[in-house]
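**Student:** Can you read through this structure? Questions will come right after.
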Amino acid sequence: MAASKKSSETNKGLRGRLNNMTNTNLLLLITIIVFFAMYIAAIVFQGKGFLKPQTFLNILNANAALIIASCGMSIVMITGGIDISVGGVAALVSMCCAVYLDHHDGSVFGAIVIAVAIGLAFGLVQGFLVAYLDIQPFIVSVAGMFFARGMTTIVNTNPFNVVNEAFVKLKTTRVVVPGLGSVNKLGKYVDAYVEIGVVVAILLVIVLFCVLRWTKLGRNFYAVGGNKQSALMLGINVKRTKFLAHLLCSLLAGIGGFVYFMHVGSGSASHASGMEMNAIASSIIGGTMLSGGVGNIAGTLFGVLALSTIQNIVASAGLDQAWWTGITVAAMLCLFLLIQSVVIARRKKA
(Lines give C-alpha, C1' and ligand atoms only; values in the text may rest on other atoms or scores of the structure.)
Protein backbone atom coordinates (compact mmCIF):
# COMPACT_ATOMS: atom_id res chain seq x y z
CA MET A 1 0.00 0.00 0.00
CA ALA A 2 2.78 2.37 0.96
CA ALA A 3 4.75 1.44 -2.18
CA SER A 4 1.67 2.11 -4.34
CA LYS A 5 1.18 5.51 -2.71
CA LYS A 6 4.85 6.36 -3.22
CA SER A 7 4.65 5.36 -6.90
CA SER A 8 1.54 7.52 -7.36
CA GLU A 9 3.28 10.51 -5.79
CA THR A 10 6.31 9.95 -8.06
CA ASN A 11 4.08 9.89 -11.17
CA LYS A 12 2.31 13.06 -10.05
CA GLY A 13 5.66 14.73 -9.46
CA LEU A 14 6.86 13.74 -12.93
CA ARG A 15 3.66 15.00 -14.56
CA GLY A 16 4.00 18.22 -12.60
CA ARG A 17 7.55 18.77 -13.81
CA LEU A 18 6.49 18.09 -17.40
CA ASN A 19 3.56 20.51 -17.11
CA ASN A 20 5.86 23.21 -15.74
CA MET A 21 8.28 22.88 -18.66
CA THR A 22 7.99 25.38 -21.48
CA ASN A 23 6.93 24.14 -24.92
CA THR A 24 10.50 24.72 -26.14
CA ASN A 25 12.09 22.59 -23.40
CA LEU A 26 9.48 19.85 -23.65
CA LEU A 27 9.97 19.45 -27.41
CA LEU A 28 13.75 19.50 -26.85
CA LEU A 29 13.40 16.65 -24.35
CA ILE A 30 11.32 14.64 -26.82
CA THR A 31 13.92 15.16 -29.57
CA ILE A 32 16.78 14.02 -27.32
CA ILE A 33 14.87 10.91 -26.22
CA VAL A 34 14.00 9.98 -29.81
CA PHE A 35 17.59 10.47 -30.98
CA PHE A 36 19.07 8.28 -28.25
CA ALA A 37 16.36 5.65 -28.83
CA MET A 38 17.21 5.55 -32.55
CA TYR A 39 20.95 5.38 -31.95
CA ILE A 40 20.59 2.59 -29.39
CA ALA A 41 18.32 0.71 -31.81
CA ALA A 42 20.97 1.14 -34.52
CA ILE A 43 23.62 -0.32 -32.21
CA VAL A 44 21.39 -3.29 -31.35
CA PHE A 45 20.07 -4.12 -34.83
CA GLN A 46 22.74 -2.81 -37.22
CA GLY A 47 25.84 -4.34 -35.65
CA LYS A 48 28.85 -2.93 -33.85
CA GLY A 49 29.64 -0.22 -36.42
CA PHE A 50 27.44 2.28 -34.59
CA LEU A 51 29.14 1.35 -31.33
CA LYS A 52 32.44 2.90 -32.43
CA PRO A 53 32.82 6.52 -31.28
CA GLN A 54 34.27 7.45 -34.68
CA THR A 55 30.95 6.51 -36.33
CA PHE A 56 29.21 9.17 -34.27
CA LEU A 57 32.03 11.65 -34.89
CA ASN A 58 31.75 10.98 -38.64
CA ILE A 59 28.11 12.07 -38.44
CA LEU A 60 29.35 15.36 -37.03
CA ASN A 61 32.10 15.61 -39.67
CA ALA A 62 29.65 15.10 -42.52
CA ASN A 63 27.01 17.47 -41.11
CA ALA A 64 28.96 20.37 -39.57
CA ALA A 65 27.80 22.75 -42.30
CA LEU A 66 24.21 21.56 -41.96
CA ILE A 67 24.33 22.17 -38.20
CA ILE A 68 25.38 25.79 -38.79
CA ALA A 69 22.78 26.39 -41.52
CA SER A 70 20.06 24.73 -39.42
CA CYS A 71 20.83 27.01 -36.47
CA GLY A 72 20.26 30.03 -38.71
CA MET A 73 17.08 28.46 -40.05
CA SER A 74 15.82 27.86 -36.50
CA ILE A 75 16.33 31.51 -35.57
CA VAL A 76 14.29 32.66 -38.58
CA MET A 77 11.58 30.06 -37.88
CA ILE A 78 11.39 31.15 -34.22
CA THR A 79 10.45 34.63 -35.48
CA GLY A 80 7.74 33.09 -37.67
CA GLY A 81 9.66 33.25 -40.98
CA ILE A 82 11.59 30.88 -43.20
CA ASP A 83 14.66 31.02 -45.45
CA ILE A 84 14.90 28.75 -48.50
CA SER A 85 18.13 30.32 -49.78
CA VAL A 86 20.66 28.80 -47.34
CA GLY A 87 21.64 25.93 -49.67
CA GLY A 88 22.15 28.29 -52.61
CA VAL A 89 24.23 30.65 -50.48
CA ALA A 90 26.40 27.75 -49.31
CA ALA A 91 26.93 26.59 -52.90
CA LEU A 92 27.83 30.12 -54.05
CA VAL A 93 30.29 30.52 -51.18
CA SER A 94 31.88 27.16 -51.99
CA MET A 95 32.33 28.01 -55.68
CA CYS A 96 33.57 31.57 -55.09
CA CYS A 97 36.12 30.41 -52.52
CA ALA A 98 37.27 27.58 -54.79
CA VAL A 99 37.79 29.93 -57.77
CA TYR A 100 39.51 32.54 -55.59
CA LEU A 101 41.93 30.02 -54.07
CA ASP A 102 42.75 28.03 -57.19
CA HIS A 103 42.42 30.46 -60.10
CA HIS A 104 43.59 33.61 -58.36
CA ASP A 105 46.12 32.15 -55.92
CA GLY A 106 44.17 33.54 -52.98
CA SER A 107 44.67 33.10 -49.26
CA VAL A 108 42.53 31.15 -46.79
CA PHE A 109 41.83 34.35 -44.84
CA GLY A 110 40.61 36.04 -48.03
CA ALA A 111 38.32 33.08 -48.74
CA ILE A 112 36.83 33.38 -45.25
CA VAL A 113 36.21 37.10 -45.85
CA ILE A 114 34.46 36.26 -49.14
CA ALA A 115 32.24 33.69 -47.40
CA VAL A 116 31.22 36.14 -44.67
CA ALA A 117 30.67 38.95 -47.19
CA ILE A 118 28.38 36.81 -49.36
CA GLY A 119 26.36 35.77 -46.32
CA LEU A 120 26.03 39.35 -45.11
CA ALA A 121 25.03 40.59 -48.58
CA PHE A 122 22.19 38.08 -48.84
CA GLY A 123 21.13 38.79 -45.27
CA LEU A 124 21.03 42.56 -45.78
CA VAL A 125 18.95 42.35 -48.95
CA GLN A 126 16.58 39.59 -47.85
CA GLY A 127 16.22 40.99 -44.35
CA PHE A 128 15.34 44.43 -45.71
CA LEU A 129 12.76 43.04 -48.14
CA VAL A 130 11.10 40.90 -45.48
CA ALA A 131 11.23 43.24 -42.52
CA TYR A 132 10.86 46.71 -43.99
CA LEU A 133 8.96 46.08 -47.24
CA ASP A 134 6.81 43.36 -45.63
CA ILE A 135 7.27 40.85 -48.45
CA GLN A 136 6.61 37.21 -47.59
CA PRO A 137 9.87 35.54 -46.47
CA PHE A 138 9.13 32.43 -48.52
CA ILE A 139 8.95 34.44 -51.77
CA VAL A 140 12.03 36.50 -50.93
CA SER A 141 14.16 33.51 -49.98
CA VAL A 142 13.06 31.45 -52.99
CA ALA A 143 14.19 34.34 -55.19
CA GLY A 144 17.44 34.40 -53.21
CA MET A 145 17.89 30.67 -53.75
CA PHE A 146 17.47 30.95 -57.54
CA PHE A 147 19.77 33.98 -57.66
CA ALA A 148 22.48 32.19 -55.64
CA ARG A 149 22.28 29.06 -57.77
CA GLY A 150 22.41 31.12 -60.95
CA MET A 151 25.39 33.12 -59.74
CA THR A 152 27.17 29.89 -58.85
CA THR A 153 27.06 28.73 -62.47
CA ILE A 154 28.14 32.18 -63.68
CA VAL A 155 31.23 32.10 -61.44
CA ASN A 156 32.21 28.69 -62.83
CA THR A 157 30.35 25.88 -64.54
CA ASN A 158 32.85 23.04 -64.25
CA PRO A 159 33.42 21.20 -60.95
CA PHE A 160 37.04 21.00 -59.81
CA ASN A 161 39.11 20.10 -56.76
CA VAL A 162 41.08 22.82 -54.97
CA VAL A 163 44.84 22.23 -54.80
CA ASN A 164 45.84 25.41 -52.95
CA GLU A 165 48.45 24.21 -50.45
CA ALA A 166 47.35 26.33 -47.48
CA PHE A 167 43.73 25.30 -47.98
CA VAL A 168 44.55 21.60 -48.41
CA LYS A 169 46.55 21.75 -45.18
CA LEU A 170 43.56 23.30 -43.37
CA LYS A 171 41.15 20.81 -44.91
CA THR A 172 43.21 17.80 -43.83
CA THR A 173 43.74 19.06 -40.28
CA ARG A 174 42.20 16.73 -37.72
CA VAL A 175 41.40 17.45 -34.07
CA VAL A 176 42.08 14.32 -32.04
CA VAL A 177 39.45 13.44 -29.43
CA PRO A 178 41.35 11.74 -26.60
CA GLY A 179 40.05 8.50 -25.15
CA LEU A 180 37.63 7.69 -27.98
CA GLY A 181 39.96 5.85 -30.36
CA SER A 182 39.54 2.20 -31.33
CA VAL A 183 41.58 -0.76 -32.51
CA ASN A 184 41.26 -1.57 -36.21
CA LYS A 185 41.29 -5.00 -37.87
CA LEU A 186 45.08 -4.96 -38.01
CA GLY A 187 45.27 -4.54 -34.25
CA LYS A 188 46.49 -0.95 -34.50
CA TYR A 189 45.06 1.77 -32.27
CA VAL A 190 43.48 4.60 -34.30
CA ASP A 191 42.72 7.97 -32.73
CA ALA A 192 39.19 9.34 -32.96
CA TYR A 193 39.03 12.75 -34.62
CA VAL A 194 36.81 15.56 -35.83
CA GLU A 195 37.38 18.09 -38.60
CA ILE A 196 37.91 21.80 -38.02
CA GLY A 197 34.37 22.46 -39.22
CA VAL A 198 32.92 20.47 -36.31
CA VAL A 199 34.76 22.68 -33.81
CA VAL A 200 33.36 25.77 -35.55
CA ALA A 201 29.83 24.31 -35.56
CA ILE A 202 29.89 23.37 -31.86
CA LEU A 203 31.23 26.80 -30.87
CA LEU A 204 28.46 28.50 -32.87
CA VAL A 205 25.83 26.26 -31.30
CA ILE A 206 27.04 27.26 -27.82
CA VAL A 207 27.12 30.97 -28.69
CA LEU A 208 23.67 30.95 -30.31
CA PHE A 209 22.20 28.90 -27.47
CA CYS A 210 23.41 31.56 -25.02
CA VAL A 211 22.11 34.38 -27.23
CA LEU A 212 18.60 32.89 -27.42
CA ARG A 213 18.46 31.97 -23.75
CA TRP A 214 20.06 34.89 -21.95
CA THR A 215 20.03 38.01 -24.15
CA LYS A 216 17.42 40.61 -24.94
CA LEU A 217 17.75 39.89 -28.66
CA GLY A 218 16.99 36.22 -28.07
CA ARG A 219 13.88 37.08 -26.04
CA ASN A 220 12.80 39.43 -28.82
CA PHE A 221 13.04 36.62 -31.38
CA TYR A 222 10.66 34.49 -29.31
CA ALA A 223 8.32 37.40 -28.60
CA VAL A 224 8.00 38.37 -32.28
CA GLY A 225 7.38 34.77 -33.33
CA GLY A 226 4.91 34.14 -30.51
CA ASN A 227 2.70 37.18 -31.08
CA LYS A 228 3.76 40.15 -33.18
CA GLN A 229 1.08 42.48 -31.80
CA SER A 230 1.99 41.69 -28.21
CA ALA A 231 5.65 42.27 -29.06
CA LEU A 232 4.77 45.72 -30.43
CA MET A 233 2.85 46.55 -27.26
CA LEU A 234 5.91 45.55 -25.23
CA GLY A 235 7.96 48.12 -27.14
CA ILE A 236 9.92 45.62 -29.24
CA ASN A 237 11.06 46.83 -32.64
CA VAL A 238 9.49 44.01 -34.68
CA LYS A 239 10.92 45.09 -38.03
CA ARG A 240 14.46 45.35 -36.72
CA THR A 241 14.14 41.99 -34.97
CA LYS A 242 12.99 40.27 -38.17
CA PHE A 243 15.76 41.98 -40.11
CA LEU A 244 18.40 40.77 -37.66
CA ALA A 245 17.00 37.23 -37.75
CA HIS A 246 17.34 37.03 -41.55
CA LEU A 247 20.73 38.76 -41.45
CA LEU A 248 21.99 36.24 -38.89
CA CYS A 249 20.56 33.31 -40.86
CA SER A 250 22.30 34.31 -44.09
CA LEU A 251 25.54 35.06 -42.24
CA LEU A 252 25.43 31.55 -40.77
CA ALA A 253 24.68 30.17 -44.24
CA GLY A 254 27.84 31.89 -45.48
CA ILE A 255 29.91 30.44 -42.64
CA GLY A 256 28.27 27.06 -43.17
CA GLY A 257 29.14 27.32 -46.86
CA PHE A 258 32.82 27.72 -46.02
CA VAL A 259 32.68 24.80 -43.56
CA TYR A 260 31.01 22.74 -46.30
CA PHE A 261 33.77 23.83 -48.68
CA MET A 262 36.41 22.70 -46.18
CA HIS A 263 34.73 19.29 -46.00
CA VAL A 264 34.38 18.64 -49.75
CA GLY A 265 37.45 20.59 -50.92
CA SER A 266 35.98 21.45 -54.32
CA GLY A 267 33.74 23.83 -56.19
CA SER A 268 30.61 22.67 -58.02
CA ALA A 269 27.25 24.13 -58.99
CA SER A 270 25.55 21.06 -57.50
CA HIS A 271 27.09 21.49 -54.05
CA ALA A 272 24.79 21.80 -51.00
CA SER A 273 21.85 20.54 -53.02
CA GLY A 274 18.89 20.06 -50.70
CA MET A 275 20.61 21.70 -47.74
CA GLU A 276 17.73 24.11 -47.23
CA MET A 277 15.20 21.26 -46.98
CA ASN A 278 17.44 19.33 -44.60
CA ALA A 279 17.87 22.48 -42.49
CA ILE A 280 14.10 22.95 -42.25
CA ALA A 281 13.61 19.26 -41.44
CA SER A 282 16.33 19.34 -38.77
CA SER A 283 14.80 22.43 -37.17
CA ILE A 284 11.35 20.86 -37.05
CA ILE A 285 12.70 17.58 -35.69
CA GLY A 286 14.61 19.63 -33.12
CA GLY A 287 11.37 21.17 -31.83
CA THR A 288 11.22 24.46 -33.73
CA MET A 289 7.65 25.19 -34.76
CA LEU A 290 6.74 26.62 -38.16
CA SER A 291 4.22 28.93 -36.50
CA GLY A 292 7.04 30.65 -34.57
CA GLY A 293 7.75 31.39 -30.94
CA VAL A 294 9.03 27.90 -30.05
CA GLY A 295 12.47 26.45 -30.71
CA ASN A 296 15.87 25.66 -29.27
CA ILE A 297 19.36 25.64 -30.78
CA ALA A 298 20.31 22.55 -28.76
CA GLY A 299 17.23 20.84 -30.21
CA THR A 300 18.35 21.79 -33.70
CA LEU A 301 21.71 20.10 -33.07
CA PHE A 302 19.95 16.92 -32.01
CA GLY A 303 17.59 17.30 -34.95
CA VAL A 304 20.53 17.20 -37.37
CA LEU A 305 21.97 14.18 -35.53
CA ALA A 306 18.63 12.38 -35.59
CA LEU A 307 18.11 13.09 -39.29
CA SER A 308 21.60 11.87 -40.18
CA THR A 309 21.27 8.80 -37.94
CA ILE A 310 18.07 7.66 -39.60
CA GLN A 311 19.72 8.13 -43.01
CA ASN A 312 22.69 6.03 -41.88
CA ILE A 313 20.36 3.35 -40.56
CA VAL A 314 18.56 3.18 -43.91
CA ALA A 315 21.91 2.95 -45.77
CA SER A 316 23.22 0.28 -43.38
CA ALA A 317 20.09 -1.77 -43.99
CA GLY A 318 21.04 -1.98 -47.67
CA LEU A 319 18.35 0.44 -48.85
CA ASP A 320 20.69 2.64 -50.88
CA GLN A 321 18.06 4.03 -53.24
CA ALA A 322 17.46 7.76 -52.75
CA TRP A 323 13.70 7.32 -52.50
CA TRP A 324 14.05 5.12 -49.41
CA THR A 325 15.86 7.95 -47.64
CA GLY A 326 13.20 10.41 -48.80
CA ILE A 327 10.38 8.24 -47.52
CA THR A 328 12.11 7.74 -44.17
CA VAL A 329 12.77 11.46 -43.68
CA ALA A 330 9.18 12.27 -44.68
CA ALA A 331 7.84 9.76 -42.15
CA MET A 332 10.11 11.19 -39.47
CA LEU A 333 8.96 14.73 -40.23
CA CYS A 334 5.30 13.70 -40.07
CA LEU A 335 5.94 11.99 -36.74
CA PHE A 336 7.53 15.08 -35.19
CA LEU A 337 4.88 17.42 -36.61
CA LEU A 338 2.24 15.15 -35.09
CA ILE A 339 4.08 15.14 -31.75
CA GLN A 340 4.30 18.93 -31.81
CA SER A 341 0.59 19.28 -32.59
CA VAL A 342 -0.46 16.84 -29.86
CA VAL A 343 1.83 18.37 -27.23
CA ILE A 344 0.77 21.96 -27.91
CA ALA A 345 -2.93 21.03 -28.14
CA ARG A 346 -2.85 19.14 -24.82
CA ARG A 347 -0.99 21.93 -23.05
CA LYS A 348 -3.43 24.55 -24.37
CA LYS A 349 -6.34 22.42 -23.19
CA ALA A 350 -4.74 22.00 -19.78
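**Student:** Cα centroids of the range 284-333 and the range 158-225: how far apart, whole angstrom?
**Tutor:** What the calculation gives is 19 Å, centre to centre.
**Student:** Using only the Cα atoms of the range 53-349, each taken as one equal point scatterer with no solvent, compute I(q) by the Debye sum, divide by I(0), and report log10 of the ratio at q = 0.09 Å⁻¹.
**Tutor:** These q points yield log10 I(q)/I(0) values of -0.45.
**Student:** Do the sum for the chain: with -39,500 (n - 2.57) for every DSSP H run of n ≥ 4, divided by all residues, what is the mean residue ellipticity at 222 nm, to the nearest 500 deg cm²/dmol? Working shown, then result.
**Tutor:** Numbers: 14 runs with 258 residues, N = 350.
It lands at -25000 deg cm²/dmol.
**Student:** Rounded, prolate or oblate, given the Cα gyration tensor of the range 98-239, with a/c below 1.5 counting as rounded? Write out the running numbers ahead of the final one.
**Tutor:** Working: a/c = 2.96, a/b = 1.44, b/c = 2.05.
Here the range 98-239 falls in the oblate category.
**Student:** Would you mind computing, in nm to one decimal, how far apart the modelled labels at N25 and A117 are, each placed 7 Å from Cα along Cα→Cβ?
**Tutor:** 4.5 nm
**Student:** Would the range 253-350 count as rounded, prolate or oblate if I go by the C-alpha gyration tensor, calling it rounded below 1.5 in a/c and otherwise prolate when a/b exceeds b/c, oblate otherwise?
**Tutor:** Oblate.
**Student:** Give the ranking of L204, L133, L27 by solvent-accessible surface, highest area first, calculated with a 1.4 Å probe. Display every interim value, and only then the final one.
**Tutor:** Values: L204 40, L133 95, L27 5 Å².
I get L133, L204, L27, largest accessible area first.
**Student:** Output the DSSP H helices from the chain with an along-axis C-alpha extent of no less than 18 Å and a mean Kyte-Doolittle hydropathy no less than -1.0.
**Tutor:** On the way: long enough: 2-20 (27 Å, -1.44); 23-45 (33 Å, 2.27); 53-78 (33 Å, 1.39); 86-103 (25 Å, 1.51); 108-131 (34 Å, 2.43); 137-155 (26 Å, 1.49); 196-214 (27 Å, 2.91); 238-264 (38 Å, 1.10); 297-316 (28 Å, 1.53); 322-349 (40 Å, 1.11).
Span-like helices, by this rule, are 23-45, 53-78, 86-103, 108-131, 137-155, 196-214, 238-264, 297-316, 322-349.
**Student:** Ordered by residue, what ³J(HN,Hα) values in Hz, to whole numbers, does the range 157-172 give under the Karplus form 6.51 cos²θ - 1.76 cosθ + 1.60, where θ = phi - 60° and Gly and Pro are x?
**Tutor:** Once rounded to whole Hz, the list reads 9, 9, x, 7, 8, 7, 10, 4, 4, 5, 5, 4, 5, 5, 4, 8.
**Student:** Follow-up. How charged is the neighbourhood of D191? Take every other residue with its Cβ under 13 Å from the Cβ of D191, and add Lys/Arg as +1 and Asp/Glu as -1. Please report the intermediate quantities before stating the final value.
**Tutor:** Details: positive: K52, R174, K188; negative: none.
Net of charged neighbours comes to +3.
**Student:** Accessible area per residue for the chain in Å², computed with a 1.4 Å probe and the full protein assembly in place, what is it?
**Tutor:** On the way: 17240 Å² over 350 residues.
In whole numbers, the chain has 49 Å² accessible per residue.
**Student:** Accessible area of the chain with a 1.4 Å probe: how many percent of it is carbon plus sulfur?
**Tutor:** Numbers: 11500 of 17240 Å².
Carbon-and-sulfur percentage of accessible area, whole number: 67.
**Student:** Below 11 angstrom from the Cβ of N161, what's the summed charge of the other residues (Lys, Arg +1; Asp, Glu -1)? Can you show the working numbers first?
**Tutor:** Numbers: positive: K171; negative: D102.
Here the count lands on 0.
**Student:** Taking the Cβ of T173 as the centre, find all other residues whose Cβ is under 14 Å away and add up their charges (Lys, Arg: +1; Asp, Glu: -1). Could you put the intermediate results ahead of the total?
**Tutor:** Details: positive: K169, K171, R174; negative: E165, D191, E195.
Residues close to T173 contribute a combined charge of 0.
The values are calculated or read from the model by the stated rules, or taken from the named source; none is laboratory data. Because the structure is a prediction, the values reported are computed rather than measured. Positions of Cβ are generated from backbone atoms using ideal geometry, with glycine treated the same way; all protein chains shown enter the neighbour counts. Ligands, DNA and RNA are excluded from the accessible area calculation, which covers all protein heavy atoms including side chains. Shrake-Rupley method; radii C 1.70, N 1.55, O 1.52, S 1.80 Å.
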